[in-house]
Each structure stands twice: as structure tokens, then as C-alpha cells.
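Colleague: I'd like to ask you about the structure that follows.
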Amino acid sequence: MRRFLTAAFACLLFAAPALAERATPAKPETLTVSAAGTQREAILYAPDAATGPCPVVLVFHGGGGGADWMANKSARLTRTLTGAGYAVVYMNGSTKRRTEKLRTWNAVHCCAYAARAKINEAAYADAVLDALDVRLDIDRTRIFLMGHSNGAMLSYRLAGQMQTTPRAIAPISGAIFADQPDVPDRTSIFMYHAVDDKALSYDGNPEDKAERWRTAPHIGFIKAEAKLAELKDCGPQTAGPSGSSVQTTERACPGSSVLVAVTGASGGHEWPSRPPGYSIEQAILGFFDAEH
């Protein structure tokens, strides 16, 4: 029977200090691609070393951020993933003003310019993977999406729209909506949300701080987990490794995929979320590593 979270992963979940890391991530490279008739950029951090085709993590910032901003906030994530052999790409949303920040993603019901302009985000993701194929030897069977807030909303929808189906997605402090499309059988999900999130509420409060950016109410975390399980035809929910700072549930799903839901006792809407004694970077790495 396929494991949900191995004992090794459980240890990673609650490792207070991160494993040994470089002081700073490797020097980034800028990728420029053509997608749906527009020029777009992304920031690539190549893996430290590769013994074969490398897995890829596409990272989608929250609404109002940008690729540079997200990369600066995510130095520990970059070090953790590139040190384990992953290529990490910080994707860049769209903005009417062409500034480095204030960028959003088209997650249909959110957010702002990208949603109003109906930006083709799948074409952008596909173009970035094609560019990586030229730059690196990548493993198309191990493509991962990780997003925060508006970027997490996008990852839920993008999984079934890309030419290369992601092996797993890791939406952090995001949400789904009533019209959430199917998630491919082979795509595992690691979903995280803090109960004290005031911007995109845990329980689906339609009057939270992000309400003005949405065109439809979001589904609360518990109901979202149940809806995703129904869409993916997953098995019964079981308890996973938990503690005072996080609670975890797990489900086995078709296609050897899993649905893991992590509730943080604190951490709010910030990226990265920091419940006491919990390393979200190590948790994401452990989850991705388990997806072969």
C-alpha cells in the first residue's frame, strides 16, 4: 500500500531547524518566453548538482507581489529545493502598470488585472517548461507547482490545463471556488492554511480582507479539502503526523496520488508561514520527494 507520509517525511514536518543550507541561493537567471502573443519573464535557480534529469518547481507569488519579491521572500525555500536537486522557477504575474510588483494571476475569480484581462496562464507555464528544456535536462514526469494566496488559487486550476500534467501541487494559504475544475488523477495535492488567516479566511468568511479582489466567494479549507477529495475520487480521510502547531489529514487517491491537508495553528496569511516548530520548506520538499 502506497505510503501517505513516510516516517522520514514526518520527521521533516516537525524539524524546527532546517537542514544544512548554503548561506545564499545560487545566482539566478532570467528566462524570457513568448506566451499567447506576449513576452513574459521568470527567474530560474538551477539545482546545485544533477545526476540526471532534474525535477522542476514553478513558484507562483501572491497577488500584489512579483517574481523578484517572491524570490527574495523565499531564499530558504530556494536553498532547500536546489540543494536537493530541484530547479526552482519564480513565475511573474501580470500588471497593467508594468511595475515589478502589484502583479496578479488569472485564477478566474481572482485577481484584479490578470483575471479581468483573462491572461492565459497555462500558455505561460508551458512556455517556461519549453525554455527550461533548452537550458536544462528536466524531468517532465516530476513537474511541481507551488503557489501562495492568488498563486495558490492558480495552482489548483492550472494543474488540469497545462500540456505537461504536474506530478503534485502545493497551494499555500489559497482557496478554491464552487466551479473548481477536476484535478488530474496523477496530481497529488499538499494544501496548507492557517486558522488565523485574516486575508483569505480559513472558514470561508465572505467578508475577509481579500473579499474585494474576488468575483465569487471562496470555499473554506475543510470544505475545500472535501470537494477536492470528491473531484479526485479519493479514499477516506485519515490522521497524519500532527502536533501542537499543525494538524494533518491524508487521503489516498487514484493514479497513486495523495491529498494531504495541513492546518496551521498560527502563521496568518504571511509567506512563509511559521507555526512554532514547523518548517514549511522542509514539509514541501518532503512531499515533493515522495512523489516519484
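Colleague: Pick out, from 69, 125, 189, the residue whose Cα sits farthest towards the positive end of the charge dipole of segment 7-289, with +1 on the Cβ of Lys and Arg and -1 on the Cβ of Asp and Glu.
Modeller: The residue sitting farthest along the positive end of the dipole is 69.
Colleague: Report the label-to-label distance for residue 134 and residue 185 in nanometres (one decimal), using points 7 Å from each Cα along the Cα→Cβ vector.
Modeller: Computed distance between label sites residue 134 and residue 185 equals 3.5 nm.
Colleague: How high is the FRET efficiency between residue 41 and residue 212 when r is their beta carbon distance and R₀ equals 30 Å, given to the nearest 0.05?
Modeller: Step by step, r from the Cβ atoms, then E = 0.60.
Colleague: What's the lysine pair count for segment 7-289 at a Cα cut-off below 15 Å, pairs eight or more apart or interchain?
Modeller: Going through segment 7-289 pair by pair, I get 4.
Colleague: If you place +1 on the Cβ of every Lys and Arg, -1 on the Cβ of every Asp and Glu, and leave all else neutral, what size is the dipole of the chain about its Cα centre, to the nearest 20 Debye?
Modeller: Approximately 520 debye in magnitude.
Colleague: Can you name the helices of the chain, as whole DSSP H runs, whose Cα span along the helix axis is 15 Å or more and whose Kyte-Doolittle mean is not below 0.0?
Modeller: Helices meeting the span and hydropathy rule in the chain are 121-135, 221-232.
Colleague: If I take every Cα pair under 8 Å that is 6 or more residues apart in the chain, average their sequence separation and divide by the length, what percent do I get for the relative contact order?
Modeller: 19
Colleague: Residue separation times 0.36 nm, minus the C-alpha to C-alpha distance between residue 120 and residue 29: what's the value?
Modeller: In short, 30.4 nm is gained.
Colleague: So, one more: Pull up all non-local amide H partners of residue 198: gap of 5 or more, or a different chain, and H-to-H distance under 5 Å with H placed in the peptide plane.
Modeller: Placed amide hydrogens put 269 under 5 Å from residue 198.
Colleague: Classify the chain as rounded, prolate or oblate, taking a ≥ b ≥ c as the square roots of the eigenvalues of its Cα gyration tensor: rounded when a/c is under 1.5, otherwise prolate if a/b is larger than b/c and oblate if not.
Modeller: It is rounded, given that a/c, with a ≥ b ≥ c, falls under 1.5.
Colleague: Can you list the trypsin sites (Lys or Arg not before Pro) in segment 154-217 that are in a DSSP coil and have 13 or fewer other beta carbons within 10 angstrom?
Modeller: Counting only loop positions with at most 13 other Cβ atoms within 10 Å, the trypsin sites (Lys or Arg not before Pro) in segment 154-217 are 198, 209.
Colleague: Can you tell which of 267, 33, 287 lies farthest toward the positive end of the dipole of segment 7-289, using +1 and -1 charges on the Cβ of basic and acidic side chains (Lys, Arg; Asp, Glu)?
Modeller: The residue sitting most towards the positive pole is 33.
Colleague: Using θ = phi - 60° and the Karplus form 6.51 cos²θ - 1.76 cosθ + 1.60, what ³J(HN,Hα) does each residue of segment 253-260 get, whole Hz, x for Gly and Pro?
Modeller: 10, x, x, 6, 9, 9, 10, 10
Colleague: Another question about this same structure. Give the shape of segment 134-292 as rounded, prolate or oblate, defined through the alpha-carbon gyration tensor: a ≥ b ≥ c are the square roots of its eigenvalues, a/c under 1.5 means rounded, and otherwise the shape is prolate if a/b is larger than b/c and oblate if not.
Modeller: rounded
Colleague: What spacing in nm lies between the two simple spin-label points modelled at residue 48 and residue 237, each 7 Å away from Cα in the Cβ direction?
Modeller: The modelled label-to-label distance comes out at 3.7 nm.
A short reminder: the numbers here are calculations on the coordinates, not readings from a lab. Given the structure is predicted, the values throughout are model-derived calculations rather than measurements. Counting neighbours? That spans all protein chains shown, and the Cβs are built from the backbone with ideal geometry, glycine included.
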